[in-house]
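S.K.: Dropping the structure in here first, questions after.
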Amino acid sequence: MSLAMPYPKYPLTGILAAIALLASSLAAAVPAIQNWRAGNGVPVYFIPARELPMVDAQILFNAGSIRDGEQAGLAKLTSALLEEGAGDWSADAIADRLDRVGARLSFSSRRDSASVALRVLVDPRYLQPAVETVARLLKEPSFAPDAVDRVRQQILTALRERAQSPGAIAQDAFYKALYGNHPYGSPPEGTPASLNAIDRAAIEAFHRRYYTAANAVVAIVGDLDRPAAERLAENLVGGLAKGEAAPPPPAPPAPPGQTLRIAHPSSQSHILIGQLGVKRADPDYYALFLGNHVLGGNGLVSQLSQEIREKRGLAYGAYSAFSPMQQAGPFLMNLQTRNDQVETALQVAQTTLRTFTDQGPDAKALEEARQNITGGFALDLAGNGKLAGALGSIAFYGLPLDYLQNYIGTMNGITLDAVKAAWQRRVQPDQLITVIVGGAPAAPASPDPAKPPAGS
């Protein structure tokens, strides 16, 4: 005899309402963000989290690929080298110091920023050595010639693999078409030619210019009180030179619509369709984000997926997203389809976007999207690492200190008319950039992209 009880059958609206109520209560429970400046001026953002004896800290620098100038890949190479030696510590010595205290340390570089993320127990026996290590890596990276050559080769190897990926080819071509000569258009990974031209002096100069107090923010989440968090921040970044704040990137001009077709020996074509979106601080972002959840941001139930996958079987999936940055990031629709279905898939995607922009979502779909977003809010912040990541974004982009507390209320306050108006202001379905990669027979072997041209 089974002891399992049957599940009660609740209407979907009731379930969504319950989820929203739970999310609201959890959002209200998020502690307020505390904010101050370290002794050298670095902004510090802190949320106490007493549930686990851990601390997650992120340090973000205004040192992304938009600072590369004429040396594409410089920001990424500099970031990747930070854990390869500092002072008289070798990369192995650094790894050993972190392993002994169970600390997790990661470095990343994007278009807007470069970041360092640390996770470690708050016990001083573990916290202090880990923090000392991070502080030295940031202040005294050695950039040893052998490390520079080794990391450069690692990135070049990744570029070789990237050059064979139709998705990566499409992404690079899309950003170049969208941004042209704007810094956002330069590939963050660089090119074989640009990477081979970067020397140690350029890396040192980049670090000296951008890895400074004037270009840093700190986000801390963990089992600490305010005085302990202040000491932690000082120990992490107090040794950074003050430096000079990097100027904001220029606003990119809106490019004309165009279609690029790039041959590639693949049975499937990768299709990217989009335009300039908005910057992170734009007041339209919330309404655009909510509307996009209906259009293409909610997996298989979104309109794009329904029209392209479910109704016509043109692709396994299709999605859309706004990716805001310091200046206008892209709005992008993405799908893959068989080479012989490209034109049909393009037409369906473009028509779906045009109809959505003209008419907006229906009220029921918008409400379901709103409930899905607010219901998932708590999960988006589950765990100190995720919360630290959100706090880092708030700090870097200068969002309000009450952003987390107000998020659900803000989303609940967006009307259907506001969504329609924002989309009609910001999206131009007749001015889209379209990139199609695929549909060609195998090409002859090309030279090794990691090998510099003769005479370079």
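S.K.: Which of rounded, prolate or oblate describes segment 253-305 when judged by the alpha-carbon gyration tensor and an a/c cut-off of 1.5? Could the numbers behind the result be given before it?
M.R.: Details: a/c = 3.43, a/b = 1.38, b/c = 2.49.
It is oblate, given that a/c is not under 1.5 and a/b is not larger than b/c.
S.K.: A further question on this structure: What is the distance in Å between the Cα centroid of segment 335-390 and that of segment 393-408?
M.R.: For segment 335-390 versus segment 393-408, the Cα centre distance is 22 Å.
S.K.: Follow-up question, since we're still on this one. If I stretch the segment between Ala363 and Ser106 completely, what's the gain in nm (0.36 nm per residue apart, minus their alpha carbon distance), one decimal?
M.R.: Numbers: separation 257, 0.36 × 257 = 92.52 nm, distance 4.30 nm.
Full extension of this stretch gives 88.2 nm more.
S.K.: A further question on this structure: Once you keep just the Cα pairs under 8 angstrom separated by 6 or more residues, what percentage relative contact order results for segment 267-355? All intermediate terms of the calculation are to be shown ahead of the outcome.
M.R.: On the way: 159 pairs, mean separation 33.9, N = 89.
Across segment 267-355, relative contact order equals 38 percent.
S.K.: Report the extension gain between Arg354 and Asp88 in nm, rounded to one decimal, defined as 0.36 nm multiplied by the number of residues separating them, less their alpha carbon distance. Could you put the intermediate results ahead of the total?
M.R.: Numbers: separation 266, 0.36 × 266 = 95.76 nm, distance 5.96 nm.
Between Arg354 and Asp88, full extension yields an extra 89.8 nm.
S.K.: Sort segment 33-237 into rounded, prolate or oblate with this rule: let a ≥ b ≥ c be the square roots of the eigenvalues of the Cα gyration tensor; rounded if a/c is under 1.5, and if a/c is not under 1.5, prolate when a/b is larger than b/c, oblate otherwise.
M.R.: Values: a/c = 2.01, a/b = 1.64, b/c = 1.23.
Taking the square roots of the gyration eigenvalues as a ≥ b ≥ c, segment 33-237 is prolate.
S.K.: Give me the percent relative contact order of segment 33-237, please, defined on Cα pairs under 8 angstrom at least 6 residues apart. Spell out each step's value before the answer.
M.R.: Values: 361 pairs, mean separation 81.6, N = 205.
It rounds to 40 percent for segment 33-237.
S.K.: Hey, another quick one. In percent, what relative contact order does the chain have, based on Cα pairs under 8 Å that are 6 or more apart in sequence?
M.R.: On the way: 849 pairs, mean separation 106.6, N = 456.
Here the relative contact order equals 23 percent.
S.K.: Follow-up question, since we're still on this one. Length gain on complete extension for the stretch Arg261 to Ala193, per 0.36 nm per residue less the alpha carbon to alpha carbon distance?
M.R.: Numbers: separation 68, 0.36 × 68 = 24.48 nm, distance 2.42 nm.
Extra length from Arg261 to Ala193 when fully extended: 22.1 nm.
S.K.: Between Thr415 and Glu204, how many nm apart are label points set 7 Å from Cα along the C-beta direction?
M.R.: 6.2
S.K.: Of Lys76/Lys386; Lys176/Lys364; Lys76/Lys420, which sit over 29 Å apart, Cα to Cα?
M.R.: Working: Lys76/Lys386 23 Å; Lys176/Lys364 38 Å; Lys76/Lys420 39 Å.
Among Lys76/Lys386; Lys176/Lys364; Lys76/Lys420, the Cα-Cα distance tops 29 Å for Lys176/Lys364; Lys76/Lys420.
S.K.: Quote the charge dipole size of segment 310-384 about the Cα centre in Debye, to the nearest 20; the model charges only the Cβ of Lys and Arg (+1) and of Asp and Glu (-1).
M.R.: Values: 6 positive and 8 negative charges, 16 e Å.
Here segment 310-384 has a charge dipole of around 80 debye.
S.K.: Rounded if a/c is under 1.5, else prolate if a/b beats b/c, else oblate: with a ≥ b ≥ c from the C-alpha gyration tensor eigenvalues square-rooted, which is the chain?
M.R.: Here the chain falls in the oblate category.
S.K.: Based only on other Cβ atoms within 10 Å, what is the fewest-to-most ordering of Trp423, Trp36, Trp89?
M.R.: Details: Trp423 24, Trp36 13, Trp89 19.
Lowest count first: Trp36, Trp89, Trp423.
S.K.: Given the -39500 (n - 2.57) contribution per DSSP H run of 4+ residues, what per-residue ellipticity at 222 nm results for the chain, rounded to the nearest 500 deg cm²/dmol? Don't skip to the answer; put the middle values down first.
M.R.: Working: 16 runs with 194 residues, N = 456.
Taking each H run of at least 4 residues, the total per residue is -13000 deg cm²/dmol.
Laboratory data are not the source of any read-out in this text; all were calculated from the coordinates shown. The shown structure was predicted, so the numbers you read here are calculated from the model rather than taken from an experiment. Using ideal geometry, Cβ is built from the backbone for each residue, glycine included, and neighbour counts are taken over all protein chains shown.
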